Amino acid sequence: MVCSNLLCSSIEAALVNGTLAHSDETDDSHALSHSHPGCAVVPAALAAGEQFGIDGARFVRAVALGYDVGRG
């Protein structure tokens, strides 16, 4: 989890970090889909990146893909 020494699974980390992004209002908005894709996409990409040891370029690709899928 971001800003914590607690260890948990990547699924739990993505959920907690996404919830924190919503709670502190650092979420973004996508008007057409009425959603906040960054709160789901970025924490999931961070968790997966840590689990699978991806580099920065793959992290950016994962975030871009998440936004693309999220806008439906």
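The values are calculated or read from the model by the stated rules, or taken from the named source; none is laboratory data. Source: prediction; values computed, not measured. Positions of Cβ are backbone-derived with ideal geometry, glycine not excepted, and every protein chain shown enters the neighbour counts. Note: areas computed on protein heavy atoms with side chains; ligands, DNA, RNA excluded. Shrake-Rupley method; radii C 1.70, N 1.55, O 1.52, S 1.80 Å.
If you place +1 on the Cβ of every Lys and Arg and -1 on the Cβ of every Asp and Glu, how big does the dipole about the Cα centre of the chain come out, in debye to the nearest 20?
I would put it at about 240 debye.
Could you tell me which of 63, 11, 40 has its Cα farthest along the dipole of the chain towards the positive end, charges placed at Cβ (Lys, Arg +1; Asp, Glu -1), taken about the Cα centre?
Highest projection toward the positive end goes to 63.
Return the loop-located GluC sites (Glu not before Pro) in segment 1-68 (DSSP other than H, G, I, E, B) with at most 16 other Cβ atoms within 10 Å of their own Cβ; answer none if there are none.
25
Give me the percent relative contact order of the chain, please, defined on Cα pairs under 8 angstrom at least 6 residues apart. Write down the numbers at each step before the final one.
Values: 66 pairs, mean separation 21.8, N = 72.
About 30 percent, as a whole number.
Span-like helices, the chain: DSSP H, alpha-carbon axial extent 20 Å or more, mean Kyte-Doolittle -0.5 or greater, which ones?
Values: long enough: 37-52 (22 Å, 0.97); 56-70 (21 Å, 0.64).
Flagged H segments are 37-52, 56-70.
Using only alpha carbons, build the gyration tensor for the chain and give me the equivalent ellipsoid semi-axes, biggest first, whole Å.
20, 16, 8
Based solely on its DSSP helices, what 222 nm [θ] is calculated for the chain when runs of n ≥ 4 H residues each add -39,500 (n - 2.57) and the sum is averaged over all residues, nearest 500 deg cm²/dmol?
Helices in the chain give a 222 nm mean residue ellipticity of -20500 deg cm²/dmol.
Using a probe radius of 1.4 Å on heavy atoms only, what accessible surface per residue do you get for segment 1-63? Whole Å² is fine.
Dividing the accessible area of segment 1-63 by its residue count gives 71 Å².
Multiplying the sequence separation of residue 10 and residue 64 by 0.36 nm and subtracting their Cα-Cα distance, what value in nm do you get?
17.5 nm
Taking a 1.4 Å probe, which of 55, 28 shows the most accessible area, and what order do the others take after it?
From most exposed to least exposed: 55, 28.
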